[in-house]
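No lab work stands behind these numbers, since they all come straight from the coordinates. Model, not experiment: these values are computed from the prediction. Ideal geometry is used to build each Cβ from the backbone, glycine not excepted, and the neighbour counts take in all protein chains shown.
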Amino acid sequence: MSKLTSDNASKPASGRATKLESTIAVFGNDIVRGRYAGETSLPSEAELCTTYGVSRATLREVAKILASKGLIVIHKHRGLFIQERRDWNYLDTDVLNWVLSGEDNYEMIKTLLETRAIIEPEIAGWAAARASADDLAKMEAALKDMDKFYSDKERFNQADIRFHAALIAAAQNYVVEQLGKAITALQIAVFDVTYFPDTNTKKVTIDQHAALLNAIRLRKSAVAKKISTQMIDGVRNRVDNKYKTMK
């Protein structure tokens, strides 16, 4: 599955990463995966230039971007220091992807689902009160594609993202719309774990989305919030069961 990252969003039309982009990805992954575990300060600028095969100018640009993602802090005349994990920007899509690409990511996935459980039912309730005819049409079109392409993992994922993007727009809340990219990032980041191709899961998934759309169409905010909560709970249960079988 292709990942949505701020890196590939800014790549040239050829799709080839620049040296700056690739170094950000490698260095960021190294930090997240614990290459420098146990260290508070990172190696010297000269050592890092050698490690990643870049010039000092490029390394400094990389450091600025990683600092903006909350992974490191730059102290003038002292060097680069790793931030504590709780200070990382988990709403940054790159950070999410780097964290979730590791093998031991179960706790992080649970945390992300907890976050969705707080935000998404409220969005569903607002959408039920405010959705326009255009919003409803977009959600319905996305739902039809989810049903049609369920066995095609990539196309189903894109349709699911479109459904929830339309749901967010239907809430007609500018702050929530700003959070939309972060919510989409959460969906993408956990999709490989929460997608199950069996027929029973498909029926439950499609039926729940259809019920949510119907509640929004009928302006039943409380019902929409309840269905949204049930949807998140269902995903949590599937994730828990999947990880139990992996132990």
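Data for the structure
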read-out: Compactness of the stretch 104-246, expressed as Rg and Dmax over alpha-carbon positions, Å; value: 14.3, 44
read-out: FRET efficiency for Asp30 and Val175, using Cβ-Cβ distance with R0 set to 41 Å, rounded to 0.05; value: 0.75
read-out: Binned Cα-Cα distances of the stretch 46-123, short to long, each 10 Å bin given as a whole percent; value: 16, 38, 29, 13, 4
read-out: C-alpha long axis of helix 133-148 to longest principal axis of the chain, angle in °; value: 80 degrees
read-out: Inter-label distance for Thr201 and Ala141, nm, one decimal - labels placed 7 Å from Cα along Cα-to-Cβ; value: 2.8 nm
read-out: Efficiency of FRET between Arg217 and Lys64 - r from beta-carbon atoms, R0 45 angstrom, step 0.05; value: 0.45
read-out: Net lengthening on full extension, Tyr106/Asn89 (0.36 nm per residue, minus Cα-Cα); value: 4.3 nm
read-out: Above-threshold pairs, the threshold being 29 Å between Cα atoms, out of Lys110/Lys226; Lys110/Lys153; Lys69/Lys225; Lys220/Lys244; Lys19/Lys110; Lys19/Lys181; value: Lys69/Lys225; Lys220/Lys244; Lys19/Lys110
read-out: For the chain, built as a Gaussian network whose Cα springs stay under 10 Å, the top-fluctuating residue of Asp94, Asp147, Asp104; value: Asp104
read-out: Angle between the chain longest axis and helix 199-217 axis [Cα atoms, degrees, rounded to 10]; value: 70 degrees
read-out: Inter-site label distance for Val73 and Ala133 at 7 Å from Cα along Cβ, in nm; value: 5.5 nm
read-out: Rounded to 10°, Cα long-axis angle of helix 19-32 versus longest principal axis of the chain; value: 80 degrees
read-out: Pairwise centroid distance, computed over Cα atoms, of the stretch 96-137 with the stretch 189-229, Å; value: 12 Å
read-out: Using distinct alpha-carbon pairs, which all enter the 1/r mean, Kirkwood radius of the stretch 84-134 in Å; value: 13.0 Å
read-out: Scaled radius of gyration (Cα, divided by 2.2 N^0.38 Å) that the chain gives; value: 1.14
